[in-house]
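The values are calculated or read from the model by the stated rules, or taken from the named source; none is laboratory data. All values reported here derive from a predicted model rather than from experimental measurement. Counting neighbours? That spans all protein chains shown, and the Cβs are built from the backbone with ideal geometry, glycine included. With ligands, DNA and RNA removed, areas are computed over all heavy atoms of the protein, side chains included. Shrake-Rupley method; radii C 1.70, N 1.55, O 1.52, S 1.80 Å.
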Amino acid sequence: MNTMKNIVDLLLRPSAFFSGRIEGDKPDLRMPLAIVLFYGVVSAISAVSVSTVTMGMMPAEIAGMETMMLGISVVSAFIGSLIFWIVIAAIFHGISALRGGKGDFQRTLVVTGYGLLPMVFGGIISGIIIYFSLSGATIRPVSDPMQISAAITELMSGPSMMIAAVISLLFVIWSANIWVFGMQEARNISGKDALITVGIPVVIYGLMTFLPYIG
């Protein structure tokens with residue numbers, strides 16, 4: 001019951017969730033790390049869909065590398081999620097420092113990890129959309145490996161992918177809301193400074209997400 005209440009508070013009442021929770025310079029990292037690992041698993045599963053399409057385009061002479069390429073994609077997606085956690089935490093920590101923030105980096109890591117929970121749900125939903133979109137696509141082998149990138153870009157620019165991107169961004173905004181309240185607690189800054197700390201990288205992330213669809 002307490003676990004479910006904590007999850008509900010984190011998702012819907014982040015101010016209440018973080019109140020008094022981020023104490024000391026070394027708060028407990030276990031639950032945030034578990035969320036990040038789960039996010040990594042979801043990202044890895046989503047990578048399988050895209051990798052399967054990519055492998056279907058491979059010329060026959062390199063088709064034997066399919067298993068290795070799939071493994072690389074899955075591992076890269078999983079490790080990439082861990083790197084994303086650390087990098088976004090470092091960005092939050094740096095910007096908040098410019099706004100007068102105080103507190104150990106581990107406090108920021110904890111808050112950033114907790115805030116990734118909505119993105120786990122967003123990754124599941126967008127991953128399902130991507131799977132059904134790509135599973136219905138017509139896949140033809142490409143003789144020139146340099147054409148694979150162009151073919152994948154064309155597939156990823158379709159309406160279904162746009163919908164998946166919008167859904168992902170909505171869940172990122174949900175995460176941003178959690179991060180704002182968490183950074184107030186972790187770095188002892190005002191709501192305005194926390195909004196600036198989180199808002200700058202989130203806006204940049206949103207622009208980068210939709211840049212391929214512009215034009």
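Within the set of pairs 6 or more residues apart or between chains, which connect a residue that is closer than 22 Å to residue 34 by Cα inside the stretch 67-83 to a residue that is surrounded by 13 or more Cβ atoms within 10 Å (Cβ to Cβ) and hydroxyl-bearing (Ser, Thr, Tyr) with Cβ atoms less than 6 Å apart?
Cβ pairs passing all conditions: 73/51; 77/43; 81/39; 81/43.
How do the pairs read when you match residues in the stretch 184-205 that are at positive phi with residues anywhere that are outside any helix (DSSP H, G or I) and open to solvent by less than 20 Å² (accessible area, probe 1.4 Å), using Cβ under 7 Å and keeping only pairs 6 or more apart or on different chains?
Pairs found: 188/101.
So, in the stretch 85-105, exactly how many residues are assigned to a helix (DSSP H, G or I), touching a Gly at 6+ places or on another chain (Cβ under 9 Å) and farther than 22 Å from residue 192 by Cβ?
So the count comes out to 1.
Could you check how many residues of the stretch 1-41 are hydroxyl-bearing (Ser, Thr, Tyr), open to solvent by 50 Å² or more (accessible area, probe 1.4 Å) and in a helix (DSSP H, G or I)?
Adding up the residues that qualify gives 2.
Please determine whether any residue of the stretch 55-64 is farther than 30 Å from residue 133 by Cβ, assigned to a helix (DSSP H, G or I) and either at pLDDT below 90 or out of contact with any His (no Cβ under 9 Å at 6 or more places or on another chain) (or both).
No, because not a single residue in the stretch 55-64 is farther than 30 Å from residue 133 by Cβ, assigned to a helix (DSSP H, G or I) and either at pLDDT below 90 or out of contact with any His (no Cβ under 9 Å at 6 or more places or on another chain) (or both).
Within the stretch 163-215, which residues are open to solvent by 70 Å² or more (accessible area, probe 1.4 Å) and of a type in the set (A, V, I, L, M)?
163, 170, 173, 195, 200, 203, 204, 207, 208, 211, 214
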